[in-house]
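This report concerns only the one structure given below.
The values are calculated or read from the model by the stated rules, or taken from the named source; none is laboratory data. No experiment lies behind these values; they were computed from the predicted model shown. Here the Cβ positions follow ideal geometry from the backbone for every residue, glycine too, while neighbour counts run over all protein chains shown. Side chains are part of the model used for accessible areas, which takes the heavy atoms of the whole protein and leaves out ligands, DNA and RNA. Shrake-Rupley method; radii C 1.70, N 1.55, O 1.52, S 1.80 Å.
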Amino acid sequence: MSGEWIEVCAVDEIEEEDVIRFDHGERTFAVYRTDKGHFYASDGYCTHEKFHLSNGLVMGNVIECPKHNGRFDIPTGAAKRAPVCVDLRTYPVKVESDSVFIKID
Amino acid sequence: MAIVVQKRDYSLTGPEGKRAEERGLAAAEWYATPIPRAKMKELMKRKDGPAIRDTLIWFATLIVLGYLAYLSWGTWWSILAFFAYGTFYASPGDSRWHECGHGTAFKTQWMNDVVYQIASFMVLRSATPWRWSHARHHTDTIIVGRDPEILTERPPIWKIIVMQIFHLYGGPIEIKRFFLHTVGRMEVQEKEYIPPTEHHKVFREARVYLLIFAAVIAACIYTGSILPAMFIVLPSFYGNLIVLLFGMTQHLGLYEDVLDHRLNSRTVYMNRVFRFLYWNMNYHVEHHMFPMVPYHALPKLHQEMKSDCPEARPGLWAALKEVIGALRKQKENPAYVVVKPLPPTAQPYMHDFDKQTEQRSQMPL
Ligand code: FES
C-alpha cells in the first residue's frame, strides 16, 4: 500500500489494552495498543453506524464498539459480532523512536 | 380551551421516520455524562463470575418452583405455584435476553450466545430480529418513527398495556412472525432494521422454534394434559406481569424525540430480588448512556453519574405511580411529559424543548 507515514503520538500515550482517537485532516482513525503491547490502527468509525471506536473496549485482540457492542478483530479488522457485519479497514503501524506512526494512503 | 389530540404515526415505515432524519434525530450523537476514561475502562470490564452464579441460581430456582408447581397441579395452590414459576421464567428470561444480547453479561462470548438463544425462546422473541430491533432502540431511543420498541404511543393505548399483563398483545404478534419467518418471509417493518445478510439466520431460528412448539404440543396430546405447555411456552404469557411492570418504568411518560437519555429514560431503585430478576436494568439511564457497562457494574456506574442525573425514583411503585399519572395526562394532552429537575452539579439537559414543541405543534399531521 503506498502512502505516507504519519506520527500519531508517543508510545506511552496509549495505555496497554486501550485505544485512542487520531484525527488527520478530514479523516479519523482508531489506534490500538493490545495487552501484548502490539500497536494497530483502523478507521475510527464503526462500520455499523457512525460511532467512534475510541470510546470502545479493547479486550485482547478485539475492539467492542461503544454503541451496540459490535466487535472487530483488531489486527485484521474482521467483523466478529453483530450488529457489525462489514469489516473495518486497517492501516499499517510502526513504532520508531518511541513514537507510533500509521501509514495512510 | 380544548386541546386537540394530535396522533403521530409510530410505525417505522410512515412519514415520522423521514421527519426524524430531517430533524437530525436519526442515528444522532447523544449526550453522555463525562466520565474519565480510566474509570470507564474499569466499569466496562467483563467478568464471567457474576453471570454464571446468577444463571445457576436462576435455573436452580426454576427447577425447585417447577417441581412445586408440578406437585400442586390440580389444586388451588397451583395458581400461586405457577405464578411464581412463570415470574421466574419470564422476568429473568427478559433480562437475560437483554444483557446477553448486548454481549456484556458474560466475558466469554459463547456463554452470552447460548443464554441469549435460550432466553429469546423463553420470552418468545426471535433471537436475530430482536437483536437488530434492540440495536435500533439504542441508536434512536424513543425517536418516533425510528424506534421499534416504543411500548405505547401517545396518547397511550391502554388496551395494549392491559393485554400485555398476559403478553396477549406482543405474544401473538411474535408467533405470527415466527410462522412468517419459517416460510422465509418477514414483515416490511422488520426489513427496516434487519440487514439482508441476516435473513437466513432469522428463518433458521424460526424453524427451530417451530420444532420446539411442535414437541410441546405433541407432549400435551400424548399426556392428555396442558401441563407440559405450562412449563414451556405458556409461562411467557401467564408470567408476564413483572416483565410488563419493569418495562413500563423504562421510558413511559418521558420525552420523545430528544438526544439525552436523562430525559427519556428512568432510573428506579429496586430491592435485591427485583434487581436479580431484572439484572439491574432499573439503572436504565445508565444502561442507555453506556451500554458497554455490564449489568453487575451498573450500581457503580450509577454512583459515578448520579450528580449529573435527575433523582432516581425511590422504588417500583413510586415509578409506576409516576408512569400511570403521566399516561393519564397524556390521554388528554399527548405532549405532557414528566420533567425532572437536575441537581446543580449536572450539565444542562441536551434538548431544545421549546423549539421541538413549537415544531410539533406546527407539524401537519
Ligand atoms: S455503531 Fe458500532 S456496533 Fe453499532
Report summary line: How many residues of the range B:191-206 are in contact with a helix residue (DSSP H, G or I) (Cβ under 9 Å, 6 or more places away or on another chain), within 14 Å of chain A (Cβ to nearest Cβ) and either assigned to a helix (DSSP H, G or I) or not β-branched (Val, Ile, Thr) (or both)? The answer is 8
Report task. Inspect the range B:276-290 for any residue being modelled with pLDDT of 95 or more, more than 14 Å from every other protein chain (Cβ to nearest Cβ) and out of contact with any helix residue (DSSP H, G or I) (no Cβ under 9 Å at 6 or more places or on another chain) and give the result as yes or no. Result -> no
Query raised in the report: Among the candidates B:THR33, B:THR61, B:THR55, which residue alone is crowded, with 16+ Cβ neighbours inside 10 Å and not in a helix (DSSP H, G or I)?
Result: B:THR33
Query raised in the report: Cβ-Cβ below 7 Å, separation at least six or inter-chain, first residue in the range A:64-80 and at positive phi, second polar (S, T, N, Q) and outside any loop (DSSP other than H, G, I, E, B): which pairs?
Result: A:GLY77/A:SER42; A:GLY77/A:THR90
Query raised in the report: Quick one: is A:HIS52 within 14 Å of chain B (Cβ to nearest Cβ), within 20 Å of B:THR197 (Cβ to Cβ) and either open to solvent by 40 Å² or more (accessible area, probe 1.4 Å) or within 16 Å of the ligand (Cβ to nearest atom) (or both)?
Result: no
Query raised in the report: Residues A:ALA41, A:ALA30: which one is more than 9 Å from chain B (Cβ to nearest Cβ), within 12 Å of the ligand (Cβ to nearest atom) and among the small types (Gly, Ala, Ser)?
Result: A:ALA30
Report summary line: The condition from (1) under 21 Å from the mean Cα position of the chain (by Cα); (2) crowded, with 16+ Cβ neighbours inside 10 Å; (3) not aromatic (Phe, Trp, Tyr) that B:GLY66 misses is numbered (1)
Report summary line: All conditions in (1) within 14 Å of the chain's Cα centre (by Cα); (2) β-branched (Val, Ile, Thr); (3) near the ligand (Cβ under 10 Å from one of its atoms) are true of A:VAL84 except (1)
Query - Hits in the range A:63-80 - residues which are facing chain B (nearest Cβ under 9 Å) and either surrounded by 20 or more Cβ atoms within 10 Å (Cβ to Cβ) or closer than 13 Å to A:PHE51 by Cβ (or both) - result: A:GLU64, A:CYS65, A:PRO66, A:LYS67, A:HIS68, A:ASN69, A:GLY70, A:ARG71
Query raised in the report: In the range B:282-305, is there at least one residue being more than 28 Å from B:LYS47 (Cα to Cα), hydrophobic (A, V, I, L, M, F, W, C) and part of a helix (DSSP H, G or I)?
Result: no
Report task. Only residues in the range B:305-332 that are among the β-branched types (Val, Ile, Thr) count as the first member; pair them with residues that are assigned to a helix (DSSP H, G or I), Cβ under 9 angstrom, at least 6 apart or cross-chain, and list the lot. Result -> B:VAL323/B:MET248; B:VAL323/B:THR249; B:ILE324/B:MET248
Query - Condition check for B:GLY239: among the small types (Gly, Ala, Ser) and crowded, with 21+ Cβ neighbours inside 10 Å - result: yes
Requested in this report: Name the one entry in B:PHE88, B:PHE83 that is away from chain A (no Cβ under 14 Å), touching a Leu at 6+ places or on another chain (Cβ under 6 Å) and not charged (D, E, K, R).
Outcome: B:PHE88
Requested in this report: Scan the helices (runs of 4 or more DSSP H) fully inside the range B:72-178 and keep the ones with 1 or more residues being within 16 Å of the ligand (Cβ to nearest atom).
Outcome: B:77-102, B:109-122, B:127-139
Query raised in the report: What is the residue count in the range A:25-44 for residues that are open to solvent by less than 70 Å² (accessible area, probe 1.4 Å) and more than 11 Å from the chain's Cα centre (by Cα)?
Result: 2
Requested in this report: Select, from B:LEU151, B:LEU168, B:LEU211, B:LEU180, the only residue that is more than 14 Å from chain A (Cβ to nearest Cβ), over 18 Å from the mean Cα position of the chain (by Cα), open to solvent by 40 Å² or more (accessible area, probe 1.4 Å) and within 30 Å of B:PHE231 (Cβ to Cβ).
Outcome: B:LEU211
Query raised in the report: Name the residues in the range A:14-24 that are open to solvent by 50 Å² or more (accessible area, probe 1.4 Å) and away from the ligand (no atom under 16 Å from the Cβ), would you?
Result: A:GLU15, A:GLU16, A:GLU17, A:ASP23, A:HIS24
Query raised in the report: For the range B:250-264, does any single residue satisfy the condition of being more than 27 Å from B:ALA27 (Cβ to Cβ), more than 14 Å from every other protein chain (Cβ to nearest Cβ) and modelled with pLDDT of 95 or more?
Result: no
Requested in this report: With the checklist (1) touching a Ser or Thr at 6+ places or on another chain (Cβ under 8 Å); (2) at pLDDT 95 or above in hand, flag the one item B:ALA335 doesn't pass.
Outcome: (2)
**Report entry** Criterion: modelled with pLDDT of 95 or more, near the ligand (Cβ under 8 Å from one of its atoms) and within 13 Å of the chain's Cα centre (by Cα) - qualifying residue of A:THR76, A:THR47
**Finding:** A:THR47
Report summary line: Considering the range B:303-336, residues that are in contact with a Phe, Trp or Tyr (Cβ under 6 Å, 6 or more places away or on another chain) and surrounded by 19 or more Cβ atoms within 10 Å (Cβ to Cβ), and then whichever is farthest from B:HIS261 (Cα to Cα), we arrive at B:GLN330
